[in-house]
Amino acid sequence: MRKKSLLGFLAVLGCSMVSLGQMASPPPAKTPGDAINAPLSIAEREFVSAADAMPEDKYSFAPSTGEFKGVRTFAEQVKHVAAVNYVFGASILQEKPPVDTGEEKGPASVKSKAEIMKFLKDSFAYLHKAVDSITDKNQLDQVSLFGEMKLARLSVGSFSSAHVMDHYGQMVEYLRMNGIVPPASRQQNQ
């Protein structure tokens, strides 16, 4: 199991490094929020493009062959990431999430690909706003995450990118199982 997890992590890291090599460097960070927003923007671009690459008629896809009993569908993966983006942002800002997060599942009313994509993009905008609020003075303040967990505001911001990329790795598998090459893996025209 550890070998599979390590292999999956290395695959996601490799895709991220390819993406990093294909883009211009962000401006130097002036605040802790800037430093977190740079990798969060990379994760957002990878995740949103992968979510958009799946045709709407495949959004209900979930692997069923092998050890996949009870896994989320593609749509559920996307909605989960969006919902948790709101949870992370609300934790950083120390406020209630501005939308229904459906206990990390996203709102039941969000069903179509267009609705899910809007929910996702709006969640990243909210998370970026929250991360922007992290300063030298407040970065180590303890905030609540998922109820009882206490973490530094900076830790919540940092983990937000890792969470996105964890689910991005799963979505890449879903895309490939449906014969779709993830946008980050497609040959770039030079």
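The values are calculated or read from the model by the stated rules, or taken from the named source; none is laboratory data. Computed from a predicted model, the values in this text were never measured in an experiment. Here Cβ is always computed from backbone atoms with ideal geometry, including for glycine, and neighbour counts include all displayed protein chains.
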Self-check item: Subset of region 25-35 [in contact with a helix residue (DSSP H, G or I) (Cβ under 7 Å, 6 or more places away or on another chain) and part of a loop (DSSP other than H, G, I, E, B)]
Solution: P26, A29
Exercise. Could you pull out the residue among G66, G102 that is surrounded by fewer than 21 Cβ atoms within 10 Å (Cβ to Cβ) and farther than 22 Å from Y174 by Cα?
Key: G102
Quiz item: What single numbered condition from (1) exposed (fewer than 15 other Cβ atoms within 10 Å of the Cβ); (2) touching a residue at least 24 places away in the same chain (Cβ under 8 Å) fails to hold for E95?
Solution: (2)
Quiz item: Considering only region 68-105, how many residues are touching a Pro at 6+ places or on another chain (Cβ under 9 Å), modelled with pLDDT of 95 or more and under 21 Å from E56 (Cβ atoms)?
Solution: 2
Exercise. Tell me, yes or no, whether region 36-59 has at least one residue that is of a type in the set (F, W, Y), more than 15 Å from D166 (Cα to Cα), part of a loop (DSSP other than H, G, I, E, B) and modelled with pLDDT of 95 or more.
Key: yes
Self-check item: Hits in region 155-183 (condition: under 17 Å from the mean Cα position of the chain (by Cα) and more than 16 Å from V78 (Cβ to Cβ))
Solution: S155, V156, G157, S158, F159, S161, A162
Quiz prompt | Matching option when the condition is of a type in the set (S, T, Y) and modelled with pLDDT under 95, among S133, S185, S123, S112 | solution = S185
Practice problem: Take A125 and decide whether it is assigned to a helix (DSSP H, G or I), free of Cβ contacts under 8 Å to residues at least 40 places away in the same chain and closer than 24 Å to A29 by Cβ. | Solution: yes
